[in-house]
Structure formats: structure tokens, C-alpha cells
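The values are calculated or read from the model by the stated rules, or taken from the named source; none is laboratory data. Bear in mind the structure is a predicted one, so any value in this text is a computation, not a measurement. No Cβ is skipped: glycine too gets one built from the backbone with ideal geometry, and neighbour counts run over all protein chains shown.
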């Protein structure tokens, strides 16, 4: 089984990313369960703005194949002005562009995949961003397990970020653990018992 984390920070590698640091906590649990993982920063790639599923003049086609090969897909975003990053919005749009495609059983392409959200920031907005990410994934066919988000936010205004102040936050650690295990449980369930095709095929 494979899991992919899309860290939609605005920072290109190797600049430190607080969202990635939170994702690595979840990644560790997955790898202990022998699940192959990868964290990718779309900021390191050329991802153009389009909802044309045939568009191939950037790095999206290769990234999309990695997403298709993954049973677990986690979107991560910092909070800017109370919203997800512009890169996170672009990734959602590019995922949406393929949402009319189907799997071998005639269901929409993201069926039997599970999705999660991880958010960091220095101010309020984590639940708002998580809600938008999880709704977007659900709407295009991903299954969202219970409590499939984890986040950390600091005090309003400038101040320490997750790496500096949040790693020992018990609430964040607990929710990261719950989110990760619920992703694992549902992913394993779909490996054994896929969503039945009755009533939900495209035609």
C-alpha cells in the first residue's frame, strides 16, 4: 500500500516547512505499518492553473500518476489570511479536473481512496481550511474517515510556528495519531472490500 502527502507550502525545498514537520509525524506511523510513503512539495514542481485533464505542459501528469498509485492521499496546507494556500487550491483544482474519469469498475476515479488534511499556521483558520480540503476530496470521490484532519495553530500574529512551539502539543499529537490510524483502517478495508458498484457507476 502507498500513501502520498502533498505539502502545499509556498516554500520550495530545502526551506524549512512547518506543515511538512507535522506531516512527518503521520508519515512515521504509516511507515511503521509498512506503508510506503512519500511527501511531495508541489512548490518544487511546475503546476499550471487549469482544469483541462488533457493538459500536459507541466509536471502534473507525473504527480497525478503518483496520486493514482496511492491508496491514502493527504493534503497539507499552511494558513494564509484564514485560507488554504494558493498552491493547495491549485492542487484541488487539478484533482477536480480528472474527477469525471472512471476506474476499471466504472466508478469515479478516486473511489476506494481515502483522504486526509493537515494544517499549520500562526492564527485561526485550521478548521476552515481542513473543512474545505476534506469537502473537496469527498466531493470528487475520496472517502473521508472519521476525524481525518490534524492541525496546529499558534497565537494570533507573529510568533513561534509548529516546529518551534507545537511539536509537544498533546492535542495535535493525539489528532495526528487518530487521523493516521483511521486512514490506515479505511485504506485496508477498501483493499479487502472495495465500495460496491451497485448504484454508483457512472453509466
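If I go through the stretch 1-45 residue by residue, how many of them are over 19 Å from residue 153 (Cα atoms), free of Cβ contacts under 8 Å to residues at least 40 places away in the same chain and part of a helix (DSSP H, G or I)?
5
Residues of the stretch 56-70 being in a loop (DSSP other than H, G, I, E, B) and either surrounded by 14 or more Cβ atoms within 10 Å (Cβ to Cβ) or modelled with pLDDT under 95 (or both), which ones?
58, 59, 70
Take the stretch 93-124 and flag every residue that is buried (at least 20 other Cβ atoms within 10 Å of the Cβ), farther than 24 Å from residue 194 by Cβ and touching a strand residue (DSSP E or B) at 6+ places or on another chain (Cβ under 9 Å).
Those that are buried (at least 20 other Cβ atoms within 10 Å of the Cβ), farther than 24 Å from residue 194 by Cβ and touching a strand residue (DSSP E or B) at 6+ places or on another chain (Cβ under 9 Å): 118, 119, 120, 121, 122.
Inside the stretch 169-203, can you point out the residues that are under 17 Å from residue 106 (Cα atoms) and without any contact (Cβ under 8 Å) to a residue 24 or more places away in the chain?
193, 196, 198, 199
Please go through the stretch 152-176 and pick out each residue that is closer than 10 Å to residue 18 by Cβ, in contact with a helix residue (DSSP H, G or I) (Cβ under 8 Å, 6 or more places away or on another chain) and assigned to a helix (DSSP H, G or I).
Passing the criteria: 162, 163, 166.
Would you be able to tell me the number of residues in the stretch 2-49 that are on the phi > 0 side of the Ramachandran plot and touching a helix residue (DSSP H, G or I) at 6+ places or on another chain (Cβ under 9 Å)?
Selection size over the stretch 2-49: 0.
Can you find even one residue in the stretch 83-91 that is surrounded by fewer than 20 Cβ atoms within 10 Å (Cβ to Cβ), assigned to a loop (DSSP other than H, G, I, E, B) and either on the phi > 0 side of the Ramachandran plot or touching a residue at least 40 places away in the same chain (Cβ under 8 Å) (or both)?
Looking through the stretch 83-91, none of the residues is surrounded by fewer than 20 Cβ atoms within 10 Å (Cβ to Cβ), assigned to a loop (DSSP other than H, G, I, E, B) and either on the phi > 0 side of the Ramachandran plot or touching a residue at least 40 places away in the same chain (Cβ under 8 Å) (or both).
Answer yes or no as to whether residue 131 is at pLDDT 95 or above, assigned to a helix (DSSP H, G or I), closer than 30 Å to residue 55 by Cβ and out of contact with any strand residue (DSSP E or B) (no Cβ under 8 Å at 6 or more places or on another chain).
yes
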